[in-house]
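Report on the structure given below.
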Amino acid sequence: MKPSTIRPTNFGARLASTPVASAMHTGVITCAPEASLNQVAAMLAEHRIHCVVVRGTADRGPCVVSDLDLVGAARADHPPARTAGDIAASPTVTIASDETLERAAQLMHEYSTSHLLVLDSRSEAPVGVVSTLDVAEVMADLRVGELDGVGAGRSSLPPGLRPQRNSSRRNAERNGRASATPYVCEM
C-alpha cells in the first residue's frame, strides 16, 4: 500500500477569493422573541439547522439563537420558562453578502461565534446565515461545482461520493418548488 498523498492547499487564498454569498445558506428562519425554547428546538429539528434568528424589537435588533445556546439553556440550573429572546446571543455579528469568507472567518474567530447573519450588501436586509461548517466546506474543497471557480473539477472525496448539503432545498428544487428569492420562515 502507498501512503496517501496530502495535497498542499492555500486556505487563505481560497477564502479571500470566495464571497460569503457563494457559501452561505440562503434564507433566514426566524422566531419571535417570546417563542418558547420548545418552539425553538422544534424549528431547529424540523428544518435541520443549527440556529434561528430572533426578530428584532424596538429595543434590540435581530439576534441569533444557536443549538449550543439551546443546549446551554436546557441545563437543570436554568429556569424552565425562558424564551428565545432571553437566550439569544447579543450582539449579533453580521456580515455583508459581498464580503469574503476570509473576513467571515476573522469575525467568527474574533467574536467566538459559529454563525454570522448575512445582510444584503445594498438593502442591509437579512438574506442568509454563514457558519463555520460553510467555511470548512470551502477550505476542504468539498463543494465542487457549487462555487464559481473554487475547486472546479477537484475533490478530495473518493469518486462517487459527494457532500450532502441543504437536502430540503435540493428536494424542493427537484420537485419544481424552489424559489430564487430568499425565504423567511416565521413561527
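From LEU117, LEU70, which residue is modelled with pLDDT of 85 or more, surrounded by 18 or more Cβ atoms within 10 Å (Cβ to Cβ) and more than 26 Å from MET139 (Cβ to Cβ)?
None of the other options fit; the residue is LEU70.
This table checks each residue for (1) β-branched (Val, Ile, Thr); (2) touching a Lys or Arg at 6+ places or on another chain (Cβ under 9 Å).
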| site | (1), (2) |
| --- | --- |
| ALA42 | no, no |
| PRO62 | no, yes |
| ASP67 | no, no |
| ILE87 | yes, no |
| SER90 | no, yes |
| VAL93 | yes, no |
| HIS109 | no, no |
| SER112 | no, no |
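Taking GLY56 and the conditions (1) more than 15 Å from the chain's Cα centre (by Cα); (2) buried (at least 19 other Cβ atoms within 10 Å of the Cβ), which numbered condition does it fall short on, given that it satisfies the others?
(2)
Report yes if ARG75 is surrounded by fewer than 19 Cβ atoms within 10 Å (Cβ to Cβ), out of contact with any Ser or Thr (no Cβ under 8 Å at 6 or more places or on another chain) and at pLDDT 90 or above, otherwise no.
no
Okay, residues lined up against (1) outside any loop (DSSP other than H, G, I, E, B); (2) without any contact (Cβ under 8 Å) to a residue 24 or more places away in the chain:
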{"site": "ALA21", "(1), (2)": "yes, no"}
{"site": "PRO33", "(1), (2)": "no, no"}
{"site": "MET43", "(1), (2)": "yes, no"}
{"site": "GLU46", "(1), (2)": "yes, yes"}
{"site": "ILE49", "(1), (2)": "no, no"}
{"site": "VAL53", "(1), (2)": "yes, no"}
{"site": "GLY61", "(1), (2)": "no, no"}
{"site": "GLY72", "(1), (2)": "yes, yes"}
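What's the number of the only condition in (1) buried (at least 18 other Cβ atoms within 10 Å of the Cβ); (2) over 14 Å from ARG55 (Cα atoms); (3) aliphatic (A, V, I, L, M) that LEU133 fails to meet?
Among (1) buried (at least 18 other Cβ atoms within 10 Å of the Cβ); (2) over 14 Å from ARG55 (Cα atoms); (3) aliphatic (A, V, I, L, M), LEU133 violates only (1).
Output yes when any residue across region 23-34 is among the hydroxyl-bearing types (Ser, Thr, Tyr), in contact with a strand residue (DSSP E or B) (Cβ under 6 Å, 6 or more places away or on another chain) and either modelled with pLDDT of 90 or more or over 30 Å from ASP141 (Cα atoms) (or both), and no when none is.
The answer is yes; a qualifying residue exists.
Of the numbered conditions (1) at pLDDT 85 or above; (2) surrounded by 17 or more Cβ atoms within 10 Å (Cβ to Cβ); (3) in contact with a strand residue (DSSP E or B) (Cβ under 6 Å, 6 or more places away or on another chain), HIS47 satisfies every one except a single condition; which is it?
For HIS47, the failing item is (2).
The values are calculated or read from the model by the stated rules, or taken from the named source; none is laboratory data. Computed from a predicted structure; not experimentally measured. A quick note on method: Cβ atoms are made from the backbone with ideal geometry, for glycine too, and the neighbour counts reach across all protein chains shown.
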